[in-house]
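Step one of this worksheet: look at the structure below.
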Amino acid sequence: MVYTFWHNITAARFRDMVSKDKVRPERSEWISQTIWDTMWVYWNSEDGKKRSATAAANRLSNRSGFGPHRHTAGARSFNQVRELIRQREGIEPSMLRVLRETHRKPDGTYVDARAEFIDEEIQRQVQTNEVLGSETQGTGVTGLTQLEEDNRYLKVVTPSQAGRIFGLGGEPQIRERGESSSMAVTRLSLERQVAALQEQLSIVVDYMKCYMAKDGQGTAVGHTGSATGPARVLQSDLEASVGAALHNLQNPNADEDIDDDEEDVHEDGEDGEEEHPGFLNLSYMT
């Protein structure tokens, strides 16, 4: 997974560099003269011109009535924007949070019709479920937890044939070889769940160690350096949640018999699969 992530980012950056150099009058230093001459031969061939025209037409296509894709990220990749948010706010931003950051003006208005549609559809689903009382309160932009918000996003946004998800930039070519779109969406959601739980495990256990030591209510860390007492209970719960998420990631069909009585609305009107991530019960901390 790490190699795939690195490969996709590197490939996207390389394509961008080549695209920019293509319109320059002189060769850049990072390209050898031999490779530069070879690329120019291809760019001026019939196949090269045809592919270029097709790509230009796709960029300006109507996209099912949404018009050409526009964003406000400038020269930064969407992954760079996501990392900036994470560093600035100290939490992993949800997919919707990144979408808003990269497709809205400072006054909050969207510059892209499809991005606005996605946001509005997620808001509609959240409001519907608030009436039914079936959502968990969290810190996401919709008031949900990040995992619930991402699950909503993955239900609304249908992956492309190449396995990409709109609004996440060039990195998430989420569908691996031989994998269906629905399986890829499930895997991506579980991977994000594992990452979030592992981060939560590290942060909360460190907090419990400091809290118990300062409050004098018990020993948070034993002689061996491992957590004891309430801190150990919390650590065990978090580790169990990480283990369960990893099990689900390795066995994606384990919960096929879970009923889904909630309407799934996709951009193209097709039904999708509801995901039911588990959340920790930390009530004993209060």
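The values are calculated or read from the model by the stated rules, or taken from the named source; none is laboratory data. What you see is a predicted model; the values in this text were computed from it and never measured. In this analysis, Cβ positions are derived from the backbone assuming ideal geometry, glycine residues included, and neighbour counts consider all displayed protein chains.
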With GLU149, GLU130 as the choices, which residue is more than 30 Å from MET17 (Cβ to Cβ), surrounded by fewer than 22 Cβ atoms within 10 Å (Cβ to Cβ) and modelled with pLDDT under 90? GLU130
Mind checking whether some residue in segment 80-90 is more than 30 Å from VAL194 (Cα to Cα) and either surrounded by 12 or more Cβ atoms within 10 Å (Cβ to Cβ) or of a type outside the set (Lys, Arg) (or both)? no
Are any of the residues in segment 69-87 part of a helix (DSSP H, G or I), among the basic types (Lys, Arg) and in contact with a helix residue (DSSP H, G or I) (Cβ under 6 Å, 6 or more places away or on another chain)? yes
Top-ranked residue of segment 9-25 - restricted to ones that are β-branched (Val, Ile, Thr) and at pLDDT below 80, ranked as surrounded by the most Cβ atoms within 10 Å (Cβ to Cβ): ILE9
For segment 25-43, check the following and say yes or no: at least one residue is under 22 Å from the mean Cα position of the chain (by Cα) and free of Cβ contacts under 8 Å to residues at least 60 places away in the same chain. no
Does at least one position in segment 95-110 carry a residue that is more than 25 Å from TYR153 (Cβ to Cβ) and not in a strand (DSSP E or B)? no
Name every residue in segment 33-52 that is basic (Lys, Arg) and surrounded by 12 or more Cβ atoms within 10 Å (Cβ to Cβ), in order of residue number. LYS49, ARG51
Taking interchain pairs and intrachain pairs at least six residues apart, which have beta carbon atoms under 7 angstrom, with the first residue in segment 1-22 and under 15 Å from GLY169 (Cβ atoms) and the second modelled with pLDDT of 75 or more and part of a helix (DSSP H, G or I)? ILE9/ASN79
How about segment 53-68: which of its residues are surrounded by fewer than 14 Cβ atoms within 10 Å (Cβ to Cβ), modelled with pLDDT under 85 and either assigned to a loop (DSSP other than H, G, I, E, B) or of a type in the set (Gly, Ala, Ser) (or both)? ALA55, ALA56, ALA57, LEU60, SER61, ASN62, SER64, GLY65, GLY67, PRO68
Under the condition of being over 19 Å from the mean Cα position of the chain (by Cα) and of a type in the set (A, V, I, L, M), which residue from segment 93-129 is nearest to ARG76 (Cα to Cα)? VAL111
